[in-house]
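The values are calculated or read from the model by the stated rules, or taken from the named source; none is laboratory data. All values reported here derive from a predicted model rather than from experimental measurement. Cβ sites come from the backbone with ideal geometry, for glycine too, and all protein chains shown count toward neighbours. Remember, those area values only see protein heavy atoms, side chains included, never the ligands or the DNA or RNA. Shrake-Rupley method; radii C 1.70, N 1.55, O 1.52, S 1.80 Å.
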Amino acid sequence: MSDKLPDFLVLEQALERINADHTASEAQGMACGMLAVNRETRLLVWLKQVLPKQADAQDVYVQESAKLLTQVFEQAKKTLNGNDLSFEILLPPDEFDLDERVYCLQQWCQGVAFGVAASGLKTLKDLKPASKEWFEDMVKIGASGEMDITDEDESEAAFEELKAFLSTGILMFNEETQPIVGQPRQAHDEKTLH
């Protein structure tokens, strides 16, 4: 299995071929939301949410989509719980129009919200204040309309800030909802050499 995210366009086209209800960005968001609430979420549980209900496991296109989606899931699991802060939102390449990339970023946000809900988080009241605020802001970003793109450079900078806010935010949300507890340090009897 590849250690990288699949190409956005390859996954997007694979999902279109099987008439999936979700975009590539939304699917990754769903994985992130589910894993941020429960890092033990199983791949098959997530795939059942992403793949169409009528998907035939013997269909070559469904198999292709499932293989690519497995990469997305495994990468999300690895980077959400890694030490290197290398999480990356699955979006179209920079060559795409900004409005298309914004739309996919909003789809990712909607996927996260869906994934969190699907994992059983019923209320935000138990979240730490920073996680609650980030989640509420993320939901607003996902529900907002089109981005005002009057100045291309300013709009591109604003998009990059949003992307960074969401990328670091999902890592913080994951850590606060299920902190990684390290191994306790063992006391060592250090002997000094004379």
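The alpha carbon centroids of the range 14-57 and the range 132-171 are separated by 23 Å. Seen against the Cα atoms of the chain and their longest principal axis, helix 8-17 is set at about 60 degrees. Largest to smallest in accessible area, the residues 172, 138 fall in the order 172, 138 (1.4 Å probe, all protein chains included). Calculated mean residue ellipticity at 222 nm for the chain: -20000 deg cm²/dmol, from DSSP H runs with n ≥ 4 weighted as -39500 (n - 2.57), summed, divided by the residue count and rounded to 500.
For the range 1-136, carbon and sulfur atoms together expose 49% of the accessible surface, with a 1.4 angstrom probe and every protein chain in place. Of 135, 165, the residue with the largest accessible area leads and the full order is 165, 135 (1.4 Å probe).
Taking R0 as 25 Å, what FRET efficiency do you get between residue 45 and residue 13 from their Cβ-Cβ distance, rounded to the nearest 0.05?
Numbers: r = 25 Å, r/R0 = 0.99.
My answer for the efficiency is 0.50.
Close Lys pairs in the chain (alpha-carbon distance under 20 Å; sequence gap of 8 or more, or different chains): 18. Here the Karplus relation 6.51 cos²θ - 1.76 cosθ + 1.60, evaluated at θ = phi - 60°, turns the backbone of the range 161-167 into coupling constants of 5, 4, 4, 5, 4, 6, 5 Hz, with x for every Gly and Pro. Placing unit charges on the Cβ atoms only, positive for Lys and Arg and negative for Asp and Glu, gives the chain a dipole magnitude near 1560 debye about its Cα centre. With protein chains left intact and a 1.4 Å probe, residues in the chain average 60 Å² of accessible area per residue.
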